[in-house]
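Peer 1: Got a structure here, written out as C-alpha cells. Questions coming.
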Amino acid sequence: MKRKGLNPYPVNQPKIQGINNSVLQQYGADSYVAEGYLSNSDVYAIVSFLARKAASIPWYVYKMKPGEKAQTSLHQYKQLTKGLQHKGAYEQALLRRKNAYEENMVTNSPLAKLLEQPNPQQAQDQFFENLYGYRILSGEGDIYGNDGGVEGGKFVELNVLPTQFLDIYPDPKDLYGILGYKLMVGAGIDLPKDVVCQWKSWNPEFNADTRTHLRGLSPLRPGWKLLRMSNNAADASAAMTANGGAKGAIVPKAINNSIPTLTPEQASLVQRMVNDRVNNKDQKGAIGVFQTPWDYLNFGLSSVDMELVKTMQMTLHQWCRLFGLPVVLFDTDSSSYNNYSNAMRDLVTNTIMPLNCQLRDELNKWLVPRFGEDVYIDFDITALPEMQQDFEKMVNQLRMADWLTFDEKRSAMNYEERGGAYEYSYVNQGLIPLEQVMMDLSVSNDQSMSNDQNGDMDNSDDQIS
C-alpha cells in the first residue's frame, strides 16, 4: 500500500542530486497572499470569483479514436477551443471533439478515479478552485503528485502546493532548467522534478542569477502600486468612518453686526438642548423652537474625503482590467441583464477558456504518461451555460441543412449516431419547384364551355334513366 500525505518533518528524505545549494526565489509571493488576497476586498472578490467560475467546469478522461483522422480532429479541436470568441468556433469545436473522442468517457480507470477525487480531503471542484486560485493570484499553480515513494509509479493522490512556500533548485548549467523543488515548511521537503507540475504564466523578468524567469508572474506585481493605493485608501476610509466626528455645528447668528459669545457652560446647555429637542427619536416630526436665532454649519465631506471615495471606485475598475474580468460584472451602476450576460460570455471565452487550455496541455504532458493509458484529459466545453446561445444558433442552422443526414446532425450536436434511417437526408415535403409555382393554372373560356356542355349531357342522361 502506497503511503499518502506529505510529512513536513521527513526523517530519511531523498536528496536531490546535481546541485549543492538552492537559490531562494524571493519574489514576494507571500506578500501577494498577505497584503493582496487577505487584506484587499477587491482582490479577494475578483480572484475568488474567477477561481470558482473556472473550477465549475468539469474534467474527464476520454478514450481517443484510432486513426489519423482522430489525431487531426484533436489538433483542430485544441486550436478551436482557444478561440471560442470567434463566430462559428464553438460549433466546429464540438464537431472536431466528436471525431476525436470515443462516445463514452472513461470512468473506471485509476486516472479517471484520481481526477474525480484528487486526494482524500478534496473533491474535483475544490481541488481545481485551489489550483486556479494560486494560478490567478500568484501567476503560478503547482501540483504535487504522490507516487508513494515508487519512482515512476502511478500517483495515488494530487495536492496543490502553496506557491509562496515553494522554492526551486535551478540547474547551474542551464538557464531554463530546474532540477527539483523544495517546500519551505517544517524542516523543508525536497521534491523531485517529476512529481511536481508547475503551471505558470510568462515572466519577462529574466535574471541569470536569481532565475526569476523560472517562476510565474503575479498580476499583483505590475499592480503593486495600485495595491498600496487601494489598501491605503481602505485604511483611510476606515479611520474616517471610526473618527469622523460631527457632521455639522450650530453657531449664534449675528445680531446688529454683533456675534454673541457663549461661555463653556452656556455652550454645554445649548448642546444638551439640541440633543433633547432635536437629536432625539421621540422628536421625529416635531417642530423645535429656539429662543435666539442660530446658524448651522454643514461640514459635509472634505475634498480629500471625496477624492478618497473616487479613488476606491477607480481601483476596482483597474483591478478588473488587471485580472481580465469585465468591469460590468462588478459595476452595479451600468449593469443590466444583457450587459451581464454578454460580459459573462466574454469572461469565459477570453479569460477562463485560455486558462483551461493551458492546464489541459500541462496535465496531459505530466499526468497521463504516469498511468500509461492511451487516453486524453479534457474539460467539458458543453457544460458552459454562457455558450448556449451559440448552441441554439447551431440547432437552427442544422434544422435547415437538408443536405445533411440525420446522423451528421446528431454528431454535430454531440449525440451518438444511430444508423439505419438516420443515414439518409430528408427534405421538407412542403417545398415545390420554382417552375411549378410559376405554372399558369388558369382555364380558357372555350374549355370552360365545353366542360359545361358535357355536364349538361350527363345530367340529361341521368333524367332519362
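What follows draws every value from the coordinates through simple rules; no lab data is involved. Keep in mind that what you see is a predicted model, and the values were worked out from it rather than measured. Virtual Cβ from ideal backbone geometry, glycine too; neighbours counted across all protein chains shown.
Peer 1: Around LEU325, what is the net charge, scoring Lys/Arg as +1 and Asp/Glu as -1 over all other residues with Cβ under 15 Å from its Cβ?
Peer 2: Net charge around LEU325: +1.
Peer 1: Based on the mean of other beta carbon atoms within 10 Å per residue, what is the order of 81-88, 45-52, most packed first?
Peer 2: So the order, starting with the most tightly packed, is 45-52, 81-88.
Peer 1: Ok, one more. How much length, in nm to one decimal, is gained on full extension between TRP403 and GLN79, taken as 0.36 nm per residue of separation minus their Cα-Cα distance?
Peer 2: Working it through step by step, the gained length comes to 113.9 nm.
Peer 1: With 27 Å as the limit, write out which pairs from LYS173/LYS225; LYS82/LYS173; LYS87/LYS200; LYS78/LYS113 have Cα-Cα distances beyond it, or answer none.
Peer 2: The answer is LYS173/LYS225; LYS82/LYS173; LYS87/LYS200.
Peer 1: Would you please put 368-380, 159-171, 53-65 in order of how densely packed they are, using the mean number of other Cβ atoms within 10 angstrom per residue and starting with the highest?
Peer 2: With the highest mean Cβ count within 10 Å placed first, the list reads 159-171, 53-65, 368-380.
Peer 1: A further question follows. If I model a spin label at THR263 and GLN126 as a point 7 Å from the Cα along the Cα→Cβ vector, what separation in nanometres do I get?
Peer 2: My value for the distance between the label points is 7.2 nm.
Peer 1: Related question: Say R0 is 35 Å: what FRET efficiency, to the nearest 0.05, do VAL274 and ASP235 get from their beta-carbon distance?
Peer 2: 0.60
Peer 1: Which of VAL160, GLY177, ILE189 sits farthest toward the positive end of the charge dipole of the stretch 151-234, with +1 on the Cβ of Lys and Arg and -1 on the Cβ of Asp and Glu?
Peer 2: Result: VAL160.
Peer 1: Now for a separate question. Mind sorting TYR296, TYR44, TYR37, TYR32 by how few other Cβ atoms lie within 10 Å of their own Cβ, fewest first?
Peer 2: Ranked by crowding around the Cβ, least crowded first: TYR296, TYR44, TYR37, TYR32.
Peer 1: Determine, for SER73, SER41, the number of other Cβ atoms within 10 Å of each Cβ, and report the residues in order from fewest to most.
Peer 2: Ordered from fewest to most neighbouring Cβ atoms within 10 Å, SER73, SER41 come out as SER41, SER73.
Peer 1: OK, next. Once fully extended, how much extra length lies between GLU151 and SER341, figured as 0.36 nm per residue of separation less the alpha-carbon to alpha-carbon distance?
Peer 2: 63.5 nm
Peer 1: Between VAL395 and MET64, what FRET efficiency comes out of the Förster formula 1/(1 + (r/R0)^6) with R0 = 30 Å and r the beta carbon distance, rounded to 0.05?
Peer 2: The value I calculate is 0.65.
Peer 1: Mind sorting THR212, THR349, THR292 by how few other Cβ atoms lie within 10 Å of their own Cβ, fewest first?
Peer 2: Neighbour counts put them in this order, fewest first: THR292, THR212, THR349.
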